[in-house]
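The values are calculated or read from the model by the stated rules, or taken from the named source; none is laboratory data. These numbers were taken from a predicted model, which means no experiment stands behind them. Please note: Cβ atoms are built from the backbone with ideal geometry, for glycine as well, and neighbour counts cover all protein chains shown. The accessibility values were calculated without ligands, DNA or RNA, using every heavy atom of the protein model including side chains. Shrake-Rupley method; radii C 1.70, N 1.55, O 1.52, S 1.80 Å.
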Amino acid sequence: MSGGQHQQCIACGSKMGTFIERISDDRYGCPGVYSIDRCVSCGHMSTTPRLTEEDLPALYSNYYPRREIDFDALEREAALVEKPLAGFRRWIAGTDNQGHYLAKPGQKVLDIGCGSCLSLLEMRRLGVECWGIEADPNVRTIAEKYTLRVHIGNIYDVPFADQKFDLIVLNQVIEHVPDPLAMLAALKDRLNRGGRVVLAFPNTGSFHRKLWKERWINWHIPYHQNHFNRTSFALLARKSGYDVERIRTITPNLWSVLQLRMSREQRQEGKASNTWSESGDPQKPPSFIQKVRNVAVSRGARLAGVMMGFGNRVLDAMGQGDSLLVELRLSATKN
C-alpha cells in the first residue's frame, strides 16, 4: 500500500484534499480504515492509502465472495437476452448499464472482468464473437464448461495477442484499477480502426451519493480505488488519447434496493454486512439476481419496484443516476 501525503489528481493534475476522513469496508469486513481524497478542481476522488496491483490478489481472495456456480441459473439468465422486449425490460430495471449490450452481431468483443461469464453467454446468443479476461481462477470452470475464450489473468498479460476488437467492455471494473491511465493505454493497441471502449462505473455526481453521503454503497472501500464523476472521467479519457463519444447515467434498481437495506444496518469497522453476506456480490450474477427476484414477488414489492424504477429513470434523464456509461473512441490524431 502507498499512503501518506495527498497525491495529485490523476485526471487534471490539481491538488487533492481530504473529503471523507474515515471510511472502511462495509460489505465484507476487510479490516483497516481509509479516507477519500477529492480534487479541488475536477472533483475526482481516490481512496487512500492507495493499493498497488500487488496488493489486489490477497485482498480479493481473502474478502471477496467466492461461491459455487449455479449453472442452471446462469443458463436461465443468459436465455433472457433473447426474450421479447428484453431491451425494454433491461431499461426498466436499469440493467442496461453494461457495455456488452451495445455489441452488434458479427462484431468482435473483449469483456475485461467478465466475472460469471454471463455477458459472454449473452453475446454468444446474440451472434457476437466474444472473448473475456477475468482475474478469478474459479471462472475457469465456467469457461471450460461452455467452451468460452477466457484468459485468467489481466490485460497486461497481452492475451489473445493476434486479435483486435471492435468493442472492449469494462463493466464495473475501472474503479477497481489502481492505475486507470495504464489500463486505458493498454487497450489502445487492441482496438480495430473505428473500435470503441465502453465502460460502466459508479457516478460520484449522482443524487444517491449526495443523499447518502458516507453511507453510499458505491464507495465500496477499499476495493474501489478511484471514484469518478462525468467531468473527471472525460478529462482522464482525453488525457489517455480518447474522445468521449457519449456519456450518460443509468441506475440499476437493484442498487437502490441494496442502498435502502444498507441504510438500516449499523456499520462496524471490520464486520461484514448482513445484506452482502446473505446476498453475495451484485456484480457477479446470476445467483444474486435470482435471490432478488425471489424477494421481488413478495406482496407489495412489485408496486414499490415500479415506483423505484420510475424514480431512477427520471434521475437518469437528469444525468443524476448512480452509474455512468461511457463510450470512447480513439482520438482522430491517435488513429
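Quick notes
- A single member of ARG90, ARG76 is farther than 19 Å from PRO180 by Cα, open to solvent by 40 Å² or more (accessible area, probe 1.4 Å) and within 19 Å of the chain's Cα centre (by Cα), and it is ARG90.
- The residues in the range 172-199 that are touching a helix residue (DSSP H, G or I) at 6+ places or on another chain (Cβ under 6 Å) and closer than 14 Å to LEU325 by Cβ can be counted, and the count is 4.
- Some residue of the range 39-59 being at pLDDT below 95, of a type in the set (D, E, K, R) and under 22 Å from THR249 (Cα atoms): no
- Scanning the range 156-172 for residues that are of a type in the set (A, V, I, L, M) and surrounded by 22 or more Cβ atoms within 10 Å (Cβ to Cβ) yields LEU167, ILE168, VAL169, LEU170.
- Cβ pairs under 7 Å, 6+ apart, first in the range 173-202 and farther than 10 Å from SER240 by Cα, second acidic (Asp, Glu) and assigned to a helix (DSSP H, G or I): PRO178/GLU53; PHE201/GLU175; PRO202/GLU175
- Residues that are more than 27 Å from ILE92 (Cβ to Cβ) and open to solvent by less than 40 Å² (accessible area, probe 1.4 Å), drawn from the range 225-252: GLN225, ASN226, HIS227, SER232, ALA234, LEU236, ALA237, SER240, GLY241, TYR242
- Complete set of residues in the range 94-115 that are aliphatic (A, V, I, L, M) and surrounded by 17 or more Cβ atoms within 10 Å (Cβ to Cβ): ALA103, VAL109, LEU110, ILE112
- Total residues in the range 253-267 satisfying the condition of being of a type in the set (S, T, N, Q) and either open to solvent by 70 Å² or more (accessible area, probe 1.4 Å) or under 20 Å from ARG329 (Cβ atoms) (or both): the figure is 1.
- Filtered by the rule that a residue be assigned to a loop (DSSP other than H, G, I, E, B) and either open to solvent by 10 Å² or more (accessible area, probe 1.4 Å) or of a type in the set (Val, Ile, Thr) (or both), the range 116-149 gives SER116, LEU126, GLY127, VAL128, ALA135, ASP136, PRO137, ASN138, TYR146, THR147, LEU148, ARG149.
- Some residue of the range 186-207 being open to solvent by 10 Å² or more (accessible area, probe 1.4 Å), in contact with a Phe, Trp or Tyr (Cβ under 8 Å, 6 or more places away or on another chain), at negative phi and among the polar types (S, T, N, Q): yes
- Count of the range 163-194 residues which are modelled with pLDDT of 95 or more, out of contact with any Asp or Glu (no Cβ under 6 Å at 6 or more places or on another chain) and within 19 Å of GLU129 (Cβ to Cβ): 11
- Among the residues making up the range 38-67, those that are in a helix (DSSP H, G or I), surrounded by 12 or more Cβ atoms within 10 Å (Cβ to Cβ) and not polar (S, T, N, Q) are GLU53, ASP55, LEU56, LEU59, TYR60, TYR63.
- Residues that are modelled with pLDDT of 90 or more, more than 22 Å from ARG209 (Cα to Cα) and either in a helix (DSSP H, G or I) or open to solvent by 30 Å² or more (accessible area, probe 1.4 Å) (or both), drawn from the range 295-335: ARG329
- Annotation: of all residues in the range 18-37 being in contact (Cβ under 8 Å) with a residue 60 or more places away in the chain and either β-branched (Val, Ile, Thr) or open to solvent by 40 Å² or more (accessible area, probe 1.4 Å) (or both), the one that is nearest to VAL139 (Cα to Cα) is PRO31.
- Flag for TRP255 being within 17 Å of the chain's Cα centre (by Cα) and part of a helix (DSSP H, G or I): yes
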